[in-house]
Amino acid sequence: MTWKLKEEGSTMKFRLVCTLALAWGIVGCNSKPSDNNTSTTTAPTTSNTTAPPISNTTAPPVSSGPSFAAYYNATPAVLGEAVIDLVPLPAGDVVVAQSSGALNRVDVNGQPALEAAVGYVGNLAETNGSIFAAGELGQVHERSGAAWTLSYTHATLPQVVVAALNGDVYSFNSLLGTDPVTGQVLPAQVSQRPSGGAWAPDVASLGNVQITAAAPWNTTVWAGGSDNSLTTGGPRLFHGTGATWTEIALPAAAVGTNQLEIVTRIMSTPTKLWVSTMVIDTLSTPAVAIGGAVHETVDGATFTTVAAFNGDSPISLAWHEGTLFVGTLAGRLFHEEPTGMIEETALPANLGVFALASRDAQTLLIGLRGNAGAELVLRNSAPPANQAPPANLTTYAGDVRPVLMARCTVCHSDAANAGFIAYPLSVGLTDATADYNETRMRVNLVTPDASPLLRKAVGLDGHGGGASIAQGSSDYTTLQQWIVDQAPQ
């Protein structure tokens, strides 16, 4: 979302004019703190935090292995413009939404084709081959083929976030503050377009909130934002379908006066949901993002904080290579390991990582606010196309799977044990992708010998099955080398 600052006397007034699911327009959030970019208040702490806070002064461990390459630079370059959201297409192209409102299709060679210009884009949602874009002034645009058309306009609430579930499309409309004409606070509304049907406006009201992010998870849509406040407030989170919505408590930072915590992104896999938040110091001139967090849930009721930030805020999320990736407003990229969040410092310098999307097993798309304008960068975990992979590269399919088949399937792929085995594998290891993802979650690329996969296998860390592999054996060495080789599939 973009904050427009207007000074009236000694008080800064804020009007949220467009919704991005992230506060990309806050001055000072696009760089690391300096003497001229400081908050008037201290960063809050997050309750229920299980991860140490990540700051801009103490760098976490650095990962190695993947390469980064420029893929697309917006032309003409517009200072401050960002890639806001991404939808990979089956043929390898990607739909790129830019904060200027440009909707481009970028081909596999990085060549763009402008499909539409809609004034502003907040986020994208995909269902049944169509893509929907949250625009400005209450508008939702639909892409069918390569053509964009206006699908829906909310009459009174200009801020829009879109989400899709099983063919149904949802528009979450809200307005921060009071209506400039009536002076009234307007409740956030949910509008729905059933699959194959027409839009039904205002099927549900979410109350006095602003909605800044939404995404589907299993059978419901999740929508998050914050209290509808210009000064102080906490995050708000809802889920539901149609006219039925339930609010879920989200761990909130211990915000002080003149601090507002906002949901920036929601992302899910079949078994987990993640919610990221940003804390804004609303009293500073200009406004400053001073912290944030990433929370996860497996049951939709209880959240665990997996990352907490001081002086920076998480604004983009992706699931890639079997792990969580987080992009921040200060232009940093992290991925989650068993030991915590690992920063990838090889990412090219930028002013904010605003969008992340997994294109294939090796390629992560990274949408940036670049130093000159909107940029798209590729993170590739495979060797460059002109470089043959090492002949002795250890892979999951060729090397690790046989070890698991011989040593681990008696317990871990037994359907009868599915309820209490923390590392579930498919029966007979028949689901290669799921088994790889489960295994990849249990490795430490920075310190291979600290990987739970290895430690559990030799009987450490409370492995209920005892030692199934001897340390130093050929099977142990195979698993160890696979992790050293960056755990390729």
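Values in this text are rule-based calculations from the coordinates and carry no lab data. In this text the structure is predicted, and so the values were computed from the model without any measurement. Note: ideal-geometry Cβ built from the backbone for every residue, glycine included; neighbour counts use all protein chains shown.
Quick notes on this one:
- FRET efficiency estimate (nearest 0.05) - Cβ-Cβ, Ala117 to Asp449, R0 60 angstrom: 0.70
- Once the chain from Ala147 to Ala434 is taken as fully extended at 0.36 nm per residue, the excess over their C-alpha distance is 99.8 nm.
- FRET efficiency, 1/(1 + (r/R0)^6) with R0 35 Å, evaluated for Asn166 and Gln471 via beta carbons: 0.15
- Modelled FRET efficiency - R0 35 Å, Ser229 with Asp107, Cβ distances, 0.05 increments: 0.20
- Distance between the modelled labels on Leu137 and Thr257, one decimal in nanometres: 4.1 nm (7 Å Cα→Cβ projection).
- Under-5 Å amide H pairs with Asn371, H placed in peptide plane, nonlocal only: Leu351
- With 0.36 nm allotted per residue and the present C-alpha distance subtracted, the Asn380-Thr304 stretch has 24.4 nm of extension available.
- Cα-projected label distance for Thr271 with Val181, points at 7 Å along beta-carbon direction, nm: 5.1 nm
- The label point for Arg407 and the one for Thr75, both projected 7 Å from the Cα toward the Cβ, are 5.3 nm apart.
- For Ala102, residues with placed amide H under 5 Å, excluding near neighbours: Val118
- Residue order, fewest to most surrounding Cβ atoms within 10 angstrom, among Leu393, Leu175: Leu393, Leu175
- Net length gained if the chain between Ser205 and Asp461 were fully extended (0.36 nm per residue, minus Cα distance): 87.3 nm
- Residues in region 234-241 carry Karplus couplings, in order, of x, x, 10, 9, 9, 8, x, 8 Hz; the curve used is 6.51 cos²θ - 1.76 cosθ + 1.60 with θ = phi - 60°, and Gly or Pro positions show x.
- Order of Phe309, Phe68, Phe325 - criterion: other Cβ atoms within 10 Å of each residue's Cβ, fewest first: Phe68, Phe325, Phe309
- Residue-by-residue Karplus 3J(HN,Hα) for region 121-138, coefficients 6.51, -1.76, 1.60, Hz, glycine and proline x: 10, x, 7, 10, 9, 10, 7, 6, x, 9, 10, 10, 10, 7, x, 9, 6, x
- Cβ crowding within 10 Å, taken as a proxy for footprinting-reagent exposure, orders Ser171, Ser67, Ser474 from fewest neighbours to most as Ser474, Ser67, Ser171.
- Applying the Karplus relation 6.51 cos²θ - 1.76 cosθ + 1.60 with θ = phi - 60° to region 90-97 yields 3J(HN,Hα) values of x, 7, x, 6, 9, 7, 10, 9 Hz, where x marks Gly and Pro.
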